[in-house]
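Okay, so here's the structure we're looking at.
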Amino acid sequence: MVAPGLRLGAERLFEMPAVLERLSRSNSTSQAFAEVLRLPKQQLRKLLYPLHEVERFLAPDRRQDLHLRIFDPSPEDIARADKVFTATEGNRIDYVSSAVRIDHAPDLFRPEVCFIGRSNVGKSSLIKALFSLAPEVEVRVSKKPGHTKKMNFFKVGKHFTVVDMPGYGYRAPEDFVDMVETYLKERRNLKRTFLLVDSVVGIQKTDNIAIEMCEEFALPYVIVLTKIDKSSKGHLLKQVLQIQKFVNTKTQGCFPQLFPVSAVTFSGIHLLRCFIASVTGNLD
Ligand code: GDP
């Protein structure tokens, strides 16, 4: 992270148009992100900090229920994280391999993050969105019934590995016990598990199995709310508050801040990239 004195969180960013101007001209900011910074203020806030957008519709006494500012990176940090996710000659971002068993998983010594969620929760769309700055990366999906589901490994330069876990639902719990559970229990370099929940329907029974597993293994995990473009503001706010309450009262290992995202509008994607870069030690 940048030095605290230079740090500008979401709040100050929007009070200081000069910061946006300076950042969008800075050499350390990619062209794509410089364009993002030129968006009108409200659109920019919605894209970078979707939870802050939701907060605006809450009564002031309910705002403390939402943990918005535990991870509140500056736009400089967000720009740096986007660079980590940008494929270049010196920063190769590639699919590495697939595995059905943990002992077939690549022996990687980099920090690792994994994505788990019910089939259809929007996992492959989210991973594709995270990798949009590396258009060569092919996010493989095997959805045909009867096909063995695999764990897919992607390396992001020398920085970290992203693992796309099989979606639970079809053939669960066999897939889950054989692969997901063993992986979560044994993978030593796993730094953070991202548990995807569909923001339209909220936490479902099968999501609870995954949550219980993360809790049982004392894993640090994060709830990502997918498809936020599909709901009205009111519905989204209701879901966010319900899930936040669940996290506050029923979990130990879950990061207290929720990460709402849309793979369609890209809302929350830059922030999630920044969080991944941070938990894998790439913003230090
Ligand atoms: P997976 O089974 O978890 O990998 O889910 P997919 O990524 O294949 O998505 C399942 C369905 O949800 C597909 O029809 C996607 O187009 C749709 N979807 C995924 N993410 C989003 C999103 O952010 N917004 C909207 N509106 N649809 C989405």
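The values are calculated or read from the model by the stated rules, or taken from the named source; none is laboratory data. Everything numeric here is computed off the predicted structure, so don't read it as measured data. We place every Cβ from the backbone using ideal geometry, glycine too, and count neighbours over all the protein chains shown. Areas reflect the complete protein model, heavy atoms only, side chains present, ligands, DNA and RNA absent. Shrake-Rupley method; radii C 1.70, N 1.55, O 1.52, S 1.80 Å.
Name the residues in the stretch 248-263 that are hydrophobic (A, V, I, L, M, F, W, C) and out of contact with any Leu (no Cβ under 7 Å at 6 or more places or on another chain), would you?
CYS254, PHE255
Looking only at the stretch 106-125, which residues are more than 16 Å from the ligand (Cβ to nearest atom) and surrounded by fewer than 17 Cβ atoms within 10 Å (Cβ to Cβ)?
Within the stretch 106-125, PRO106, ASP107, LEU108, PHE109, ARG110 meet the criteria.
Please enumerate the residues belonging to the stretch 237-266 that are within 16 Å of the ligand (Cβ to nearest atom) and either of a type in the set (Phe, Trp, Tyr) or over 20 Å from VAL162 (Cα atoms) (or both).
GLN239, VAL240, PHE259, VAL264, THR265, PHE266
Does the stretch 198-230 hold any residues that are buried (at least 19 other Cβ atoms within 10 Å of the Cβ) and of a type outside the set (A, V, I, L, M), and which are they?
ASP198, SER199, ASP207, CYS214, TYR221, THR226, LYS227
Suppose the filter is within 16 Å of the chain's Cα centre (by Cα) and either of a type in the set (Gly, Ala, Ser) or farther than 17 Å from PHE160 by Cα (or both); does PRO73 pass it?
yes
Suppose we keep only residues that are open to solvent by less than 10 Å² (accessible area, probe 1.4 Å) and assigned to a helix (DSSP H, G or I) within the stretch 29-49. Which one would you say is nearest to SER132 (Cα to Cα)?
The extreme case among them is PHE33.
Can you tell me which residue in the stretch 155-178 is surrounded by the most Cβ atoms within 10 Å (Cβ to Cβ), limited to those that are at pLDDT 75 or above and more than 16 Å from the ligand (Cβ to nearest atom)?
Per the stated criteria, the residue is VAL156.
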